[in-house]
Amino acid sequence: MDSNISSSSMRKLSALVVDDDAVIRRIHVAYLQKHGFETRAVENGQLAVDLIRSGEVFDVIFMDFNMPVMNGIEATKELRDLGVNAMIVGISDDQDHTMEDFIEAGMDQFYKKPLKAQTITSVLRVLQGN
């Protein structure tokens with residue numbers, strides 16, 4: 001099966017990458033675009049919350065944990081409080097936090113950095129109901 005599950009007859013899925021590391025943001029955006037996502041990126045949780053408050057809507061949000069201004073846990077809680085029901089995927093290389101920390105905050109899934117093709121394919125399947 002092709003790792004790019006989306007087809008031209010389907011609406012492109014949108015993704016928001018939230019990570020303070022510019023290199024990781026670029027890598028994740030490129031990977032997601034390769035898999036057919038329309039993608040935006042911001043460098044901290046506060047900017048993600050502000051973007052959502054401005055009316056932007058995403059199918060999935062890839063949220064780092066450790067970021068300045070507002071971390072991923074705080075941002076996720078605030079997004080859920082705002083009624084955001086998009087899939088939120090925790091992405092971190094932080095060894096001090098467990099998957100339970102991310103899930104308790106309201107994230108749907110958690111993966112270790114960096115994103116991999118099988119991670120994106122798994123997220124695509126969930127989003128497309130497969």
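Among the residues of the range 67-90, are any among the hydrophobic types (A, V, I, L, M, F, W, C), modelled with pLDDT under 90 and either under 12 Å from the mean Cα position of the chain (by Cα) or under 19 Å from VAL23 (Cβ atoms) (or both)?
If we filter the range 67-90 for residues that are among the hydrophobic types (A, V, I, L, M, F, W, C), which is where we start, we get 67, 69-70, 73, 75, 79, 82, 84, 86-89.
The next check asks that each one be modelled with pLDDT under 90; those that pass are none.
No, the range 67-90 has no match at all.
Scan ILE61, ILE73, ILE91 and give me the residue that is within 24 Å of ARG26 (Cα to Cα), touching a Lys or Arg at 6+ places or on another chain (Cβ under 9 Å) and of a type in the set (Val, Ile, Thr). Result of the check over ILE61, ILE73, ILE91: ILE91. Here is a check on your reading of the model: is LEU16 part of a helix (DSSP H, G or I), surrounded by 16 or more Cβ atoms within 10 Å (Cβ to Cβ), out of contact with any Pro (no Cβ under 6 Å at 6 or more places or on another chain) and at pLDDT 90 or above? Judged against the criteria, LEU16 is not a match.
From the list ALA22, ALA117, the lone residue that is at pLDDT 95 or above and surrounded by fewer than 19 Cβ atoms within 10 Å (Cβ to Cβ) is ALA22. Checked against (1) on the phi < 0 side of the Ramachandran plot; (2) modelled with pLDDT under 95, SER54 meets all criteria but (2).
The set of residues in the range 25-44 that are assigned to a helix (DSSP H, G or I), in contact (Cβ under 8 Å) with a residue 24 or more places away in the chain and out of contact with any strand residue (DSSP E or B) (no Cβ under 7 Å at 6 or more places or on another chain) comprises ILE27, TYR31, LYS34.
The values are calculated or read from the model by the stated rules, or taken from the named source; none is laboratory data. On a predicted model such as this, the values are computed, not experimentally measured, just so you know. Here Cβ is always computed from backbone atoms with ideal geometry, including for glycine, and neighbour counts include all displayed protein chains.
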